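What follows draws every value from the coordinates through simple rules; no lab data is involved. Here the structure is a predicted model, which is why all the values come from computation and not from measurement. Positions of Cβ are generated from backbone atoms using ideal geometry, with glycine treated the same way; all protein chains shown enter the neighbour counts.
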């Protein structure tokens, strides 16, 4: 493999039912930053699907300089084999140095298969991406390679953080957790170079047949889209006691979320979990109530605009990242805070 042949930062622009997934726009934002560090002029989005050319302009507005479109009826609905064939063929033809894929249900299926197909490595479920030297600690026994993609992810059940590189193969591939990277502000009217590419598709015994698609509306709130989150931990005490958090969230027009301990206790569903093994969130206001502040949780919410912590333990690590902290009994503080908020809103009319 000649590494010099591989140039540019690419992202897989996931779409479902001809609507771009938010993760595609988040990846474009990070790809722009990585491209600048590599002195690359273009960021390329790879768009797979059927009749998806209408999505190109939105990708351009969010940072794509070039969009490679593979448009074919075989790609109408996600199926592992045709999508793997399409993306692997794009890699073989255009030779990206870096390829980012969202760590969604689709991305977690597609990314590893593509990396195997093109004989490169993949770091899964990344929470941070940077350009730098590898190895991180210089060693006379090992050559230092510059401008490598340094991929950081939780390891050992979220108990430690690992930084991984792929210095000897290309592309450098990573799946990235939704909500971790930030979209750029859209540039209205921006246009991208469009490259149409189709490797051809032939049905084989690896192609699945979709008999029926059943869509179910989730009854659980999307905490990654919430501007205000009221998050509870083990210190809340019980599933029933989350009622006081529900009341506060309702008064604020926010959404309730939780820590891993709450999910492990069966008090709340995993879709509401914030942290390394849950979801990464960036609300404008984050309440951490009865949450100690373990690194696994903090990693999922530390980018919130304002963090307010309520905990009876004045030495709880959560106070190290909080903008405002209240030490005391949450069973007294939270209802009192809710009452004051309701009174203030009523006074405003």
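Observations
- Helical mean residue ellipticity (222 nm; -39500 (n - 2.57) per DSSP H run of 4+; nearest 500) of the chain: -8000 deg cm²/dmol
- Rg(Cα)/(2.2 N^0.38 Å) for segment 254-317, N = residue count: 1.02
- Just so you know, the Rg over Rh for the chain is 1.02, from Cα atoms, with Rh as the Kirkwood radius.
- The alpha carbon centroids of segment 173-214 and segment 330-349 are separated by 46 Å.
- Kirkwood Rh, Cα atoms: Rg over Rh of segment 159-234: 1.04
- Sorted ascending by nearby beta carbons within 10 Å, beginning with the fewest, 114, 43, 274, 327 become 327, 114, 43, 274.
- FRET E, pair residue 183, residue 142, Förster distance 56 Å, beta-carbon r, rounded to 0.05: 0.90
- Convex hull of Cα atoms in segment 118-163, direction-averaged projection (nm²): 4.3
- Binned Cα-Cα distances of segment 1-50, short to long, each 10 Å bin given as a whole percent: 26, 44, 25, 6
- The alpha-carbon positions of segment 223-348 define a convex hull whose volume is 91 Å³ per residue.
- Applying 1/(1 + (r/R0)^6) with R0 = 41 Å to the Cβ-Cβ distance of residue 3 and residue 303 gives a FRET efficiency near 0.80.
- Förster radius 22 Å - calculated FRET efficiency between residue 324 and residue 295 (Cβ-Cβ, nearest 0.05): 0.60
- The slack in the chain from residue 238 to residue 222, taken as 0.36 nm per residue of separation less the alpha-carbon distance, amounts to 3.5 nm.
- What separates the Cα centres of segment 73-137 and segment 45-60 is a distance of 18 Å.
- Inter-site label distance for residue 117 and residue 246 at 7 Å from Cα along Cβ, in nm: 4.6
- Relative to the longest principal axis of the Cα atoms of the chain, the long axis of helix 80-94 lies at roughly 60 degrees.
- 15 Å reach of a label modelled at residue 130, 7 Å along Cα-to-Cβ, counting backbone N of segment 25-41: 34, 37-38
- Alpha carbon centroid spacing (whole Å) that separates segment 5-40 from segment 231-261: 35
- Length gained on full extension, residue 343 to residue 210: 42.4 nm, using 0.36 nm per residue less the C-alpha separation.
- Taking only the alpha carbons of segment 3-196, we obtain Rg and Dmax values of 16.0, 54 Å in that order.
- Considering all different alpha carbon pairs of segment 236-286, the Kirkwood hydrodynamic radius works out to 11.5 Å.
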